[in-house]
1. Is there any pair linking a residue in region 257-284 that is among the aromatic types (Phe, Trp, Tyr) and modelled with pLDDT of 95 or more to one that is part of a helix (DSSP H, G or I) and surrounded by 18 or more Cβ atoms within 10 Å (Cβ to Cβ), with Cβ under 7 Å and at least six apart or on different chains, and which?
2. May I ask you to list pairs of residues, at least six apart or on different chains, whose Cβ atoms are under 8 Å apart, with the first in region 116-136 being closer than 9 Å to ALA99 by Cβ and the second being among the hydrophobic types (A, V, I, L, M, F, W, C) and surrounded by fewer than 16 Cβ atoms within 10 Å (Cβ to Cβ)?
3. Pairs please, first residue from region 203-215 and closer than 16 Å to GLU23 by Cβ and modelled with pLDDT of 90 or more, second anywhere and part of a loop (DSSP other than H, G, I, E, B) and not small (Gly, Ala, Ser), Cβ atoms under 6 Å, 6+ apart in sequence or on different chains.
4. It is to be established whether one or more residues within region 19-31 are surrounded by 14 or more Cβ atoms within 10 Å (Cβ to Cβ), under 22 Å from LEU275 (Cα atoms), free of Cβ contacts under 8 Å to residues at least 60 places away in the same chain and within 21 Å of the chain's Cα centre (by Cα).
5. Do any helices (runs of 4 or more DSSP H) lying entirely in region 126-209 carry at least 1 residues that are touching a Pro at 6+ places or on another chain (Cβ under 7 Å) and surrounded by fewer than 22 Cβ atoms within 10 Å (Cβ to Cβ), and which ones are they?
6. Looking at (1) buried (at least 21 other Cβ atoms within 10 Å of the Cβ); (2) out of contact with any Phe, Trp or Tyr (no Cβ under 6 Å at 6 or more places or on another chain); (3) not in a helix (DSSP H, G or I), can you tell me which one PHE119 breaks?
7. I'm trying to understand the selection: among the residues of region 197-250, which are among the acidic types (Asp, Glu) and closer than 20 Å to LEU275 by Cα?
8. Scan region 80-94 and give yes if some residue there is of a type in the set (A, V, I, L, M, F, W, C), touching a residue at least 24 places away in the same chain (Cβ under 8 Å) and over 27 Å from ARG63 (Cα atoms), otherwise no.
Amino acid sequence: MSDQVMTGTGRKPKLIAPPKSCETHSHIYGPISKYPHHPGRVNHVEASLSAYETMLARLGFERGIIVQPSTYGRDNRATLEAIDTMGQERARGVAVTAADVEMAELQRLHEGGIRGMRFFFLVDDFTIDDLAPMAAKVAPLGWHVQVQDNGSWIVDAMPYMKDLPVDVVIDHIGRTPAANGINDPDFQALLKFMETGKCWVKISAPYLQSTDGPPLYRDAGERVRALVETRPDRLVWAANWPHPNSPLDNKPEEADCLDPLLDWVPDKKIRDDILATNPGILYGFDI
């Protein structure tokens, strides 16, 4: 693993990010000698905080959200250390805990900069039945729940999400079947959920939502335009660095995931809100 290290380097984007821009979904992977992997989880290349900050500076972003990666299971140390090093004026995080977590531990995580609980249903930390009880636990702290699955999942998940006492953040443009377009029943269910104001969506990882790819990701852009038309005030942008599901020799270029916003969201005010104001509100930064 020592010879497989992400550097955060790449091209500068054409898009000029506004002040207080916040990248809202990336992971830090430290050396395995310090942060052992959860048994059975995929090993990832080392992706340090220094490399992440190099990437942020290249894109012109001042703030970042560190999301607990599945690699570490419920061991949030690497995530908390990254937030502490960046400082909470610049960083917040999303954690994973046991279902029976005590309030004292949640308070400790909150003081460490955590503002959300991750439900990544492609691994086995939580099931969808855990959503309601965990949402009730984190509601007093003002957290949200962050949810990711893929395929035809949103219609089935909606009864579990729609009445939670906290906001729901949906990863990666929903990850509904890429070939189905905006008329897909699950994507339409996502739009209806957004209308309530209790759902946020991350414009991120378009390569997971596209069949035609960069530089325009046209089919992913069709979804983003529909989201913007529905609730532009409930959208944020993320790099999904270091692109954990992509091979080391074929990692997406972050600027290629950012620059399409110039086409997808031509209104500069809306675009700046997506990059700065909206995440400032969601994660509790000074806006």
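The values are calculated or read from the model by the stated rules, or taken from the named source; none is laboratory data. It should be emphasised that the depicted structure is a prediction, and the values quoted were computed from it without experimental measurement. No Cβ is skipped: glycine too gets one built from the backbone with ideal geometry, and neighbour counts run over all protein chains shown.
1. Correct list of pairs: TRP264/GLY221; TRP264/VAL224.
2. PHE126/ALA99; ASP130/ALA99; PRO133/ALA99; MET134/ALA99
3. SER204/ASN240; ALA205/ASN240; PRO206/TYR217
4. Scanning region 19-31 turns up at least one residue that is surrounded by 14 or more Cβ atoms within 10 Å (Cβ to Cβ), under 22 Å from LEU275 (Cα atoms), free of Cβ contacts under 8 Å to residues at least 60 places away in the same chain and within 21 Å of the chain's Cα centre (by Cα).
5. Qualifying helices (runs of 4 or more DSSP H): 131-138, 154-161.
6. (2)
7. GLU222, GLU229, ASP233
8. Looking through region 80-94, none of the residues is of a type in the set (A, V, I, L, M, F, W, C), touching a residue at least 24 places away in the same chain (Cβ under 8 Å) and over 27 Å from ARG63 (Cα atoms).
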